[in-house]
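**Student:** Before I ask anything, let me first share the structure, which is written out below as structure tokens.
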Amino acid sequence: MNKSCKVTLTVNEVERTAEVEPRMLLVHFLRETLNLTGTHIGCDTSQCGACTVLVNGEAVKSCTMLAVQADGASITTVEGLGDVEHLHPIQQGFWEKHGLQCGFCTPGVMMAMVSLLQEHPAPTEEEVREALEGVICRCTGYQFIVDAVLHAAAEMAKLQESGNVSDTMPVGEGR
Ligand code: FES
Ligand code: FES
């Protein structure tokens, strides 16, 4: 029988500790142990990207990592981006540019795109499309997603210019 292991991680700025089975995937830990069901599971082949979260600021498919491997890490899930009163620019972009249809892929796509915008604040359309290669949308045809990301990049640039830098960060990163 597998012995359980204690893991402690910071999720959306809140420290969480739990006993987990060593084989438990991070995505199951987030969804089932922490009830953060915004992170979705869309495949069993690590291809769809619906489970993408930020681990220490880097986009990671949370079905490819064990919860125990994330011990000590700082995780941001889609719940940590913003809320209805205070949308993150990427959420605002998806809203303004109709970047979703069924919405199943959307949390993972947004987390992957937040990671892109952190590394490349002013991406070209081609760079956005390249970054989207790791996340699959079965509905939109991607054009509206690309429009949403470019809109978010422009809004984030305006916020940076006006000094509201914290509004461009997920809540888990000092907002
Ligand atoms: S659930 Fe599809 S890549 Fe993780
Ligand atoms: S909006 Fe339906 S899968 Fe992307």
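**Student:** What is the sum of charges around Ala112, taking Lys and Arg as +1, Asp and Glu as -1, for the other residues whose C-beta is under 14 Å from the C-beta of Ala112? Mind showing how you got there, number by number?
**Tutor:** Numbers: positive: Lys61, Arg129; negative: Glu58, Glu119, Glu127, Glu130, Glu133.
Once positives and negatives cancel, what remains is -3.
**Student:** Full extension from Ala154 to Asp71: what is 0.36 nm times the residue separation minus their Cα-Cα distance, to one decimal in nm? Please list the in-between numbers first.
**Tutor:** Details: separation 83, 0.36 × 83 = 29.88 nm, distance 3.52 nm.
Result for the pair: 26.4 nm of gain on full extension.
**Student:** Please give the per residue accessible area of the stretch 24-173, computed with a probe of 1.4 Å over protein heavy atoms only, in Å². List each step's numbers first, then the result.
**Tutor:** Values: 7050 Å² over 150 residues.
That works out to 47 Å² for each residue.
**Student:** Separate question: Rounded to a whole number, what % of the accessible area of the chain do carbon and sulfur atoms account for, probe 1.4 Å?
**Tutor:** Working: 4430 of 8920 Å².
Carbon-and-sulfur percentage of accessible area, whole number: 50.
**Student:** Which order do Val7, Val78, Val84 take when ranked by solvent-accessible area (1.4 Å probe, heavy atoms of all protein chains), largest first?
**Tutor:** On the way: Val7 0, Val78 25, Val84 125 Å².
Heavy-atom accessible area, descending, gives Val84, Val78, Val7.
**Student:** Run the Debye formula on the Cα coordinates of the stretch 5-79, all scatterers equal and no solvent, and tell me log10 I(q)/I(0) at q = 0.17, 0.20, 0.24 1/Å.
**Tutor:** Normalising to I(0) and taking log10 leaves -0.53, -0.75, -1.11.
**Student:** Residues with amide H under 5 Å of Met24's amide H, sequence separation 5 or more or different chain, H placed in the peptide plane at 1.01 Å from N; which?
**Tutor:** Under 5 Å from the amide H of Met24 lie the amide H atoms of Ala67, each far enough along the sequence or on another chain.
**Student:** Please report the base-10 log of the normalised intensity I(q)/I(0) for the chain, using a Debye sum with one equal scatterer per alpha carbon and no solvent, at each q in 0.09 (1/Å).
**Tutor:** -0.30
**Student:** Residue by residue, what Karplus-based ³J(HN,Hα) values in Hz, rounded to whole numbers, does the stretch 76-90 have, using 6.51, -1.76 and 1.60 with θ = phi - 60° and x for Gly and Pro?
**Tutor:** 10, 9, 4, 5, x, 6, x, 10, 4, 7, 9, 6, 5, x, 5
**Student:** Apply the Kirkwood formula to the stretch 89-165: the hydrodynamic radius equals the inverse of the mean of 1/r over all pairs of different alpha-carbon atoms; give it in Å with one decimal. Mind showing how you got there, number by number?
**Tutor:** On the way: mean 1/r = 0.0819 Å⁻¹.
Final number for the Kirkwood radius of the stretch 89-165 is 12.2 Å.
The values are calculated or read from the model by the stated rules, or taken from the named source; none is laboratory data. Quick caveat: nothing in here was measured; it's all calculated off a predicted structure. All Cβ positions, even for glycine, are placed from backbone atoms using ideal geometry, and neighbour counts span all protein chains on display. Heads up: the accessible areas ignore ligands, DNA and RNA and are worked out on the full protein's heavy atoms, side chains in. Shrake-Rupley method; radii C 1.70, N 1.55, O 1.52, S 1.80 Å.
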